[in-house]
Structures are given as structure tokens and as C-alpha cells.
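Novice: One structure, pasted below without further comment.
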Amino acid sequence: MFQPDWDNPLEAAIPSPQSFQPEQQTVTDSAAVTPLLEALPPINPDDKRVVNGMTDINQLAPFKYPWAWQYFLNANKNHWTPLDINMTADVHDYHHRLTSEEKHIYENVLSYLTTSDILAMRNIGLAVMEKMSAPELQIYQARQVYEESMHTWTYQHCIETLGLDQGEIYNRYRVVPAIHRKIRIANQRLESVLSTQIDLSNRDDLEQFVMAYTFFAGVFEGCWFYNGFSPIFALQRRGLMKGTAEQLQYIMRDEVMHAAFGIRVVKQILEEEQLKLDPKAMELMWEEAEAAEQSYADYLLQEPILGYSAENHIEQFRFIANRRAKQLNQPEPFPNARNALPWLDEQASLRKEKNFFETRVTEYQTGGSLQW
Ligand SMILES: [Fe+2]
Ligand SMILES: [Fe+2]
């Protein structure tokens with residue numbers, strides 16, 4: 001006969017066969033059975049809205065936003081894990097080939113990215129997804145949450161593989177003001193829309209939400225992430241840290257889609273809710289983002305390395321910022337900014353010929369190329 005192990009708290013919680021008595025059926029129990037409901041009318045996809053929608057959130061199709069479903073399908077073509085990539089050469093490069101300036105750059109890029117990706121995951125999973133009222137939007141964002149966690153794993157994998165001091169690397173965003181500044185700006189945007197008090201039927205709250213999503217898609221993912229990998233790509237171009245760079249190429253592909261999707265959603269909200277982005281608020285957003293990126297670049301690249309400088313970094317930020325603004329149908333915040341790193345877009349393109357070092361990343365994606 002079954003004898004529970006009473007020293008095991010899990011088994012101790014199981015009632016002994018003798019003590020177990022089926023509960024008496026009560027009136028309350030039978031009343032809890034869901035009665036058969038009357039048939040509901042089919043939903044009309046035209047009634048779907050990005051936010052504040054009143055249709056059935058559990059019914060995927062008919063789609064109102066077929067592009068969102070397509071994003072989900074495309075995202076699944078970029079499937080990988082950090083364990084897929086050989087990091088052996090990176091261990092040797094880091095310990096024997098990188099200069100102290102290059103190590104400083106490598107470590108601080110990882111320090112910034114580790115915290116950034118957690119923030120990106122919390123933003124989309126906790127603040128954005130629950131406010132969407134069409135399932136095809138939520139499904140892509142659910143995939144995005146997974147991808148952000150995969151990115152966090154990737155940095156952790158690099159940090160572990162190289163034997164870096166985890167506590168020191170992860171704490172750096174708290175102790176280095178230039179890294180902290182960018183994180184704080186993003187955290188403030190996130191906090192502004194995490195509140196349970198936010199009500200998107202209120203125009204002020206809706207504007208705040210749209211500005212936060214615009215920031216995350218346009219600045220945080222569209223510029224700071226897009227441009228954030230480039231110092232490591234500069235090392236890759238010289239044959240250094242190729243495993244890490246390959247990992248970051250996978251992440252960059254995801255981030256390009258996150259930024260594009262976010263911008264698409266923002267434009268849809270603006271159209272549906274008859275809203276316009278406030279030019280002054282947009283100007284301040286770009287100003288703040290540029291100032292933070294400038295101090296980050298000055299800290300990261302105190303000494304330029306071969307093929308990469310703080311000037312390259314900030315000029316490329318401005319160039320990409322103009323691109324994101326145009327995608328949002330907004331005026332360019334930094335007219336005349338030039339493409340300081342013409343090779344950067346190639347890193348994000350989903351279909352290209354072999355890259356310099358014949359790594360697997362270029363052939364991995366199985367679907368079509370990404371259209372902005
Ligand atoms: Fe990410
Ligand atoms: Fe992202």
C-alpha cells in the first residue's frame with residue numbers, strides 16, 4: 001500500500017488514503033458549471049483596433065493586420081541559439097590579441113547590451129503586449145519577448161565563455177554614468193506606461209503610450225541597438241571576436257524587425273486614433289537620445305581603435321536616426337548626417353553573399369529578405 005514519505009514536504013501535503021474523503025457536492029458547485037451560452041455573432045475584422053478594440057481578442061483570423069502575422073512568420077525564419085556558434089577563437093582573441101582599448105570597448109558594449117535587452121523584454125512583454133487588442137499583434141510580440149530573452153542568453157554565454165567577471169560586467173551600467181544614462185532614459189519611458197492606472201481611452205495617456213512605443217522602436221531598438229553592435233563588427237572586420245560578432249548579427253536581424261514592427265504599430269495607432277506625434281516631444285526625444293549616445297561614445301571610445309572612433313559612432317547614430325524618423329513620416333532630426341559606416345547595413349541584411357569570414361550566419365536564414 002502507498003505510504004507517503006512524511007519527511008518530504010511535497011508528499012506530506014498529499015492526504016493519506018484513509019483521511020481522504022470526497023467533498024460533499026454542494027449547491028454552489030453545481031451552480032459553477034458554465035451554462036450553455038447563446039451563439040455569438042461572427043467578428044468583423046474591420047472592428048479590430050490596435051488599442052481600445054472591442055472585438056474578440058482570442059480569435060486570430062480574419063486578420064485586420066495581415067502584415068503582423070507575416071512578421072511572425074518571418075521572425076521564425078531567424079531561429080538560432082547562442083550554442084550554435086563556435087566561440088573558441090574569441091577566447092584566444094580576447095586573452096591574446098585584443099589591446100586594452102579593444103577589451104574596454106568589448107566589455108562595455110556587453111555591459112550596455114545585457115541590461116538593455118532585459119529592459120526591451122520587460123517593455124514589450126509587460127507594458128506593450130497587454131495593451132494590444134488584436135491577437136495577430138500580440139503573437140508577434142510574444143515571439144519578440146522570446147527573442148529578447150534569447151539575446152540576454154547570448155550575452156551571458158559570451159561573458160561565461162570568455163570567463164569575464166559577471167558581477168562586475170552586469171553592475172557596470174550602475175557604476176558607469178555614460179551607460180546608466182541610456183538605461184535610465186529607457187527605464188523612465190517604460191515606467192511611464194507600466195502603471196496599472198494608465199487608461200488608453202484617455203488622450204493624454206494614449207499619447208504617453210505612443211511616445212514610449214515610438215522611443216523603444218525608433219530610438220532604443222532602431223538606433224541604440226542597431227548602432228550598438230557596430231564597435232564589435234569593427235573588430236570582426238579585422239578578424240577579431242568573430243564568434244561574438246556572428247552572435248550579434250543574429251540579434252541585429254531580430255532588432256531590425258522589432259524596430260520595423262514597432263514603427264508600423266505606432267503608425268497604425270496614429271491613423272486609427274486620429275493622433276499626431278507632437279513635433280516638440282519628438283525633437284526633445286531625439287535631442288536626449290543624441291546627448292546620451294554622445295556621452296556613451298565618448299566613454300566607450302576614449303581612444304579610437306583601428307577602423308572605429310567616437311565620431312564614427314555618433315555620426316552613424318544621427319544617420320540612422322534620420323532613417324527611423326523618415327519611417328515614422330517625421331522630419332529628419334539631423335539633416336546632413338552622413339553614412340559613417342557604410343558596411344553596417346550589410347550586417348543586418350538577411351540575404352547577402354558570403355561575409356568576409358565565411359561564417360554560417362549569412363546562409364542560415366531560409367526565407368525572403370526583409371522589406372522596410
Ligand atoms: Fe533584443
Ligand atoms: Fe528588440
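Novice: Does MET257 satisfy the criteria of being touching a residue at least 24 places away in the same chain (Cβ under 8 Å) and either of a type in the set (D, E, K, R) or away from ligand 2 (no atom under 16 Å from the Cβ) (or both)?
Specialist: Numbers: touching a residue at least 24 places away in the same chain (Cβ under 8 Å): yes; either of a type in the set (D, E, K, R) or away from ligand 2 (no atom under 16 Å from the Cβ) (or both): no.
Criteria not met by MET257.
Novice: Right, something else. Among the residues of the stretch 154-189, what is the count of those that are surrounded by 15 or more Cβ atoms within 10 Å (Cβ to Cβ) and either within 14 Å of ligand 1 (Cβ to nearest atom) or closer than 26 Å to MET241 by Cα (or both)?
Specialist: Final tally of qualifying residues: 20.
Novice: Which number in (1) within 16 Å of ligand 2 (Cβ to nearest atom); (2) touching a Lys or Arg at 6+ places or on another chain (Cβ under 9 Å); (3) among the β-branched types (Val, Ile, Thr) marks the one condition that THR152 misses?
Specialist: For THR152, the failing item is (2).
Novice: Is there a residue being within 14 Å of ligand 1 (Cβ to nearest atom), modelled with pLDDT under 95 and surrounded by 18 or more Cβ atoms within 10 Å (Cβ to Cβ) anywhere in the stretch 76-90?
Specialist: Within the stretch 76-90, one or more residues are within 14 Å of ligand 1 (Cβ to nearest atom), modelled with pLDDT under 95 and surrounded by 18 or more Cβ atoms within 10 Å (Cβ to Cβ).
Novice: Please find, within the stretch 110-147, the residue that is surrounded by the fewest Cβ atoms within 10 Å (Cβ to Cβ) out of those that are within 18 Å of HIS157 (Cβ to Cβ) and more than 16 Å from ligand 2 (Cβ to nearest atom). Before you say what the answer is, go through the steps one by one.
Specialist: Filtering the stretch 110-147 for residues within 18 Å of HIS157 (Cβ to Cβ) gives 110-118, 120-121, 146-147.
Keeping just the survivors that are more than 16 Å from ligand 2 (Cβ to nearest atom) gives 110-111.
On the way: LEU110: 22, SER111: 24.
Checking each candidate, the answer is LEU110.
Novice: Given the conditions (1) among the hydrophobic types (A, V, I, L, M, F, W, C); (2) free of Cβ contacts under 8 Å to residues at least 12 places away in the same chain; (3) surrounded by 10 or more Cβ atoms within 10 Å (Cβ to Cβ), which single one is not true for ILE57?
Specialist: Failing condition for ILE57: (2).
Novice: Which residues, taken from the stretch 292-321, are hydrophobic (A, V, I, L, M, F, W, C) and touching a residue at least 24 places away in the same chain (Cβ under 8 Å)?
Specialist: Of everything in the stretch 292-321, those that are hydrophobic (A, V, I, L, M, F, W, C) and touching a residue at least 24 places away in the same chain (Cβ under 8 Å) turn out to be ALA292, LEU300, LEU301, ILE305, LEU306, ILE314, PHE317, ILE320, ALA321.
Novice: LEU60 - would you say it is over 30 Å from GLU293 (Cα atoms), assigned to a helix (DSSP H, G or I) and at pLDDT 90 or above? Steps first, answer last, please.
Specialist: Numbers: over 30 Å from GLU293 (Cα atoms): yes; assigned to a helix (DSSP H, G or I): no; at pLDDT 90 or above: yes.
No, not satisfied.
Novice: Quick one: in the stretch 250-281, which of the residues that are more than 12 Å from ligand 1 (Cβ to nearest atom) and either among the basic types (Lys, Arg) or in contact with a Pro (Cβ under 6 Å, 6 or more places away or on another chain) (or both) is nearest to PHE229 (Cα to Cα)?
Specialist: Step by step, filter the stretch 250-281, then rank; the result is ARG264.
Novice: A further question follows. For the stretch 94-108, which residues satisfy the criterion of being closer than 27 Å to LYS182 by Cβ and either surrounded by fewer than 21 Cβ atoms within 10 Å (Cβ to Cβ) or free of Cβ contacts under 8 Å to residues at least 60 places away in the same chain (or both)?
Specialist: Going residue by residue through the stretch 94-108, those that are closer than 27 Å to LYS182 by Cβ are 94, 98-108.
Answer for the stretch 94-108, where residues must be closer than 27 Å to LYS182 by Cβ and either surrounded by fewer than 21 Cβ atoms within 10 Å (Cβ to Cβ) or free of Cβ contacts under 8 Å to residues at least 60 places away in the same chain (or both): LEU98, THR99, SER100, GLU101, LYS103, HIS104, GLU107.
Novice: Please name all residue pairs, on different chains or six or more residues apart, with Cβ atoms under 6 Å, provided the first residue is in the stretch 115-129 and is without any contact (Cβ under 8 Å) to a residue 60 or more places away in the chain and the second residue is within 10 Å of ligand 2 (Cβ to nearest atom) and among the β-branched types (Val, Ile, Thr).
Specialist: Here the result reads MET121/VAL145; GLY125/VAL145, each pair linking the stretch 115-129 to a residue that is within 10 Å of ligand 2 (Cβ to nearest atom) and among the β-branched types (Val, Ile, Thr).
Novice: Same structure, new question: Among the residues of the stretch 218-243, what is the count of those that are hydrophobic (A, V, I, L, M, F, W, C) and within 15 Å of ligand 1 (Cβ to nearest atom)? Explain how you work it out, then say what you get.
Specialist: Within the stretch 218-243, the subset hydrophobic (A, V, I, L, M, F, W, C) is 219-220, 223-225, 229, 232-235, 240-241.
Next, only the ones that are within 15 Å of ligand 1 (Cβ to nearest atom) stay: 219-220, 223-225, 229, 232.
Final tally of qualifying residues: 7.
Novice: Among (1) surrounded by fewer than 20 Cβ atoms within 10 Å (Cβ to Cβ); (2) in a helix (DSSP H, G or I); (3) over 20 Å from the mean Cα position of the chain (by Cα); (4) touching a residue at least 12 places away in the same chain (Cβ under 8 Å), which single condition is LYS280 missing?
Specialist: The single condition LYS280 does not satisfy is (4).
Novice: When you go through (1) touching an Asp or Glu at 6+ places or on another chain (Cβ under 9 Å); (2) of a type in the set (Asp, Glu); (3) within 18 Å of TYR226 (Cβ to Cβ); (4) more than 16 Å from ligand 1 (Cβ to nearest atom) one by one for GLU288, which number turns out not to apply?
Specialist: Looking at each condition in turn, GLU288 falls short on (1).
The values are calculated or read from the model by the stated rules, or taken from the named source; none is laboratory data. Note that the structure is a prediction, hence the values are computed from the model and not measured. Positions of Cβ are generated from backbone atoms using ideal geometry, with glycine treated the same way; all protein chains shown enter the neighbour counts.
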